[in-house]
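The values are calculated or read from the model by the stated rules, or taken from the named source; none is laboratory data. On a predicted model such as this, the values are computed, not experimentally measured, just so you know. Please note: Cβ atoms are built from the backbone with ideal geometry, for glycine as well, and neighbour counts cover all protein chains shown.
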Amino acid sequence: MKKIVIIGGGIAGLTAGVLLQKAGFQTEIFEKNALPGGQCTGWKREGYFIDNCIHWLTGTRPGSALHDLWKEIGALGDGVEVYEKEMFFSSKLNGETLTFWRDKERTRKELLSLSPEDEKEINKLIDYVSLAETMTVPVEKPFDAMTPFDFIKLGMSMKEMGKVMKEYGNMDIKELAMRFQHPLIRRAITDYMPRGYQAYAFLVSYATVTGGNGDIPKGGSLSMSLRIAGKYKEFGGVLHTNADVEKILLNGKRAEGILLKDGIRVDADYVVCACDTNHTFHQLLPETYMPKGLKEMYGDREKYPVSSGFQIAYGVDGVFKEITGTRVFSCEPLKVGSQKVQSMSIQSYDYEPGFAPEGKMILQTNFSQTEEDYRYWKVLYSDKEAYQKQKNEIAQAAVERVIMEYPFLTGKIRVLDVWSPMTYLRYCNSYKGAYMSFVTTKQAKSITVPGKVKGLDNVLLASQWLMGPGGLPTAAAMGKFVAWRIIRKGL
Ligand SMILES: Cc1cc2nc3c(=O)[nH]c(=O)nc-3n(C[C@H](O)[C@H](O)[C@H](O)COP(=O)(O)OP(=O)(O)OC[C@H]3O[C@@H](n4cnc5c(N)ncnc54)[C@H](O)[C@@H]3O)c2cc1C
């Protein structure tokens, strides 16, 4: 029987695997790590569980093609409970707090009482968040295979989104923030997303929460990945872990198979690259095969920046109801990577009591990191001792700032783990340590890369990197599109 080899067992690779197996194809996934899931993962430390992906999963609300896809691959459905987020996040400045609640009318009220002089912009923002709730992620078939009729249908289903784009489509989050006079509103809007994100991305992200379409499956990120991997195996898929792929073996216009790092050769009729595309076109295949769209995005570091995180997990003795959701607050200046920060976030996982031992809780901080920060960490990483020391020093300084904000944590909080953009590079071969794909800045045109490789008949791509800004829905959609192409064409 002919065989499809999938390189990478992240969400894109697993999705392609499940759908191909279900359609009767024989596939094998080769994943370099000990567990499937890629970026959608978590790990244990000292009796705590560090969940490191899902802050919101777009597609938790029934009634969309994306929701159906999550169910089909086992991410949702089958009794998987979903935790309903009460808030998007909250920000604090000069003693005042602003929360973007799930209930947007509550947010409107809070914004209006905070800053009556911003009434016009506040009402507009909340009204457009309502419109943005209609946003859907199209996952039926690859965009390059869509007919004019498909596009008309899609346009009709998202006509309210057209209004959002008209109003907010030509500004970034900083410009959106500047429409408001109140300093806390300005700060809050730029607090949550990395620099360069467009304003509509803020509205759409908040709208997934207000629309009940961006909740969190119980068990968190790793559980979700393991459920999809379980579905893959149920359909007869073969998952090889600790299987690092060295390169794709080419013969003219075809791939003959893959070579693993340990020297084993695996023959294949199709090879699906479901890993980081920079890794694909620098390690697995010659760069000359890189699709035009990817070349354009990698080639312009201003218009298509990427970001990562410097992250800390804390164990807390006690359960403190005062800290819930994601909270951003001002802090004493602190150098993280190459930048000086003056605010930081704290996120509670109190919605999953099982993530911490009885009577304790786990918190996390994520400092957004730019490409410049990545360069800083990369240089430091060549001296492992210095790298560790720096990480620990920042983590200790962060704990002090958390205690300044929440004095009741004195003597009750300690660092469990610290990780940086270099962790993502090591774990997933991620480009510049990024865990999302390219940010499409307002100066840039939006590029979606078809999952085909010009000049190679049987090599396909499935990865969040094919469409900015990436994320779990994009990874799943790209996995589905590869399966769609193979199922249509057959072997
Ligand atoms: C802190 C954090 C928060 C996030 N929050 C959210 C969120 O709230 N919502 C959301 O939608 N998304 C979120 N994301 C992003 C989301 O995790 C990613 O978009 C998604 O998991 C990417 O999936 P992927 O399959 O495209 O890539 P990856 O997850 O990178 O999978 C690629 C796989 O290929 C493997 N691989 C690489 N090279 C090789 C090789 N040579 N041989 C074999 N295997 C190889 C890697 O180990 C990896 O398992 C977050 C990510 C992080 C880290």
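Some notes on this structure:
- Residue match in the range 33-51 (condition: in the same structural domain as Ile258 (by TED's automatic domain parsing), within 30 Å of Gln311 (Cα to Cα), in contact with a Pro (Cβ under 9 Å, 6 or more places away or on another chain) and hydrophobic (A, V, I, L, M, F, W, C)): no
- Every listed requirement among (1) small (Gly, Ala, Ser); (2) within 30 Å of Ser343 (Cβ to Cβ); (3) touching a strand residue (DSSP E or B) at 6+ places or on another chain (Cβ under 8 Å) is met by Gly95 save one, (3).
- The set of residues in the range 420-433 being among the aromatic types (Phe, Trp, Tyr) and either buried (at least 21 other Cβ atoms within 10 Å of the Cβ) or without any contact (Cβ under 8 Å) to a residue 60 or more places away in the chain (or both) consists of Tyr424, Tyr431.
- Those residues of the range 436-491 which are buried (at least 21 other Cβ atoms within 10 Å of the Cβ), in a loop (DSSP other than H, G, I, E, B) and polar (S, T, N, Q), in sequence order: Ser437, Thr440, Ser463
- Odd one out for Leu19, checked against (1) within 15 Å of the ligand (Cβ to nearest atom); (2) assigned to a loop (DSSP other than H, G, I, E, B): (2)
- In the range 73-86, the count of residues that are within 10 Å of the ligand (Cβ to nearest atom) and not acidic (Asp, Glu) is zero.
- Among the numbered conditions (1) touching a Cys at 6+ places or on another chain (Cβ under 7 Å); (2) over 30 Å from Gln388 (Cβ atoms), the only one that Gly455 does not meet is (1).
- Of all residues in the range 8-30 being among the aliphatic types (A, V, I, L, M) and crowded, with 24+ Cβ neighbours inside 10 Å, the one that is farthest from Lys480 (Cα to Cα): Ile29
- Test: residue in the range 444-457 that is at positive phi and touching a Lys or Arg at 6+ places or on another chain (Cβ under 7 Å): yes
- Residue count for the range 246-270, restricted to those that are out of contact with any Asp or Glu (no Cβ under 9 Å at 6 or more places or on another chain) and among the hydrophobic types (A, V, I, L, M, F, W, C): 1
- The range 244-287, residues that are among the β-branched types (Val, Ile, Thr) and surrounded by fewer than 18 Cβ atoms within 10 Å (Cβ to Cβ): Ile264
- Subset tally (residues that are free of Cβ contacts under 8 Å to residues at least 60 places away in the same chain and touching a Cys at 6+ places or on another chain (Cβ under 8 Å)) for the range 335-389: 3
- Hits in the range 282-308 - residues which are within 12 Å of the ligand (Cβ to nearest atom) and in a helix (DSSP H, G or I): His282, Gln283, Leu284
- Cβ-Cβ contacts under 7 Å between residues 6 or more apart (or on different chains), taken from a first residue in the range 66-85 that is under 18 Å from Ala229 (Cβ atoms) to a second residue that is among the hydrophobic types (A, V, I, L, M, F, W, C) and in a loop (DSSP other than H, G, I, E, B), are listed as Leu69/Val139; Trp70/Leu76.
- The residues listed here are Ile29, Ile6, Ile50; of these, the one that is closer than 26 Å to Met87 by Cα and either part of a strand (DSSP E or B) or near the ligand (Cβ under 6 Å from one of its atoms) (or both) is Ile50.
- Pairs with Cβ under 8 Å, 6+ apart, first in the range 245-269 and farther than 16 Å from Leu460 by Cα, second outside any loop (DSSP other than H, G, I, E, B) and among the polar types (S, T, N, Q): Glu246/Gln283
- Flag if Lys71 is more than 18 Å from the chain's Cα centre (by Cα), surrounded by fewer than 24 Cβ atoms within 10 Å (Cβ to Cβ), of a type outside the set (Ser, Thr, Tyr) and assigned to a strand (DSSP E or B): no
- Residue list for the range 451-481, restricted to those being of a type outside the set (A, V, I, L, M) and under 18 Å from Ile6 (Cβ atoms): Gly451, Lys452, Asp457, Asn458, Ser463, Gln464, Trp465, Thr474, Gly479, Lys480, Phe481
- If you go through the range 125-151 and pick out every residue that is touching a residue at least 24 places away in the same chain (Cβ under 8 Å) and in a helix (DSSP H, G or I), you end up with 9.
- At least 3 residues being away from the ligand (no atom under 15 Å from the Cβ), of a type in the set (D, E, K, R) and modelled with pLDDT of 95 or more is the threshold, and among the helices (runs of 4 or more DSSP H) wholly inside the range 172-270 those reaching it are 220-234.
- No other residue among Met467, Met478, Met436 is free of Cβ contacts under 8 Å to residues at least 40 places away in the same chain, of a type in the set (A, V, I, L, M) and within 11 Å of the ligand (Cβ to nearest atom) apart from Met467.
- Selection count, the range 53-66, where residues are buried (at least 21 other Cβ atoms within 10 Å of the Cβ) and not in a loop (DSSP other than H, G, I, E, B): 3
- Selection count, the range 468-491, where residues are within 22 Å of the chain's Cα centre (by Cα) and either modelled with pLDDT of 95 or more or of a type in the set (Gly, Ala, Ser) (or both): 15
- Among the residues of the range 32-47, those that are more than 10 Å from the ligand (Cβ to nearest atom) and of a type in the set (Lys, Arg) comprise Lys44, Arg45.
- Check on Glu117, out of contact with any His (no Cβ under 9 Å at 6 or more places or on another chain) and away from the ligand (no atom under 15 Å from the Cβ): no
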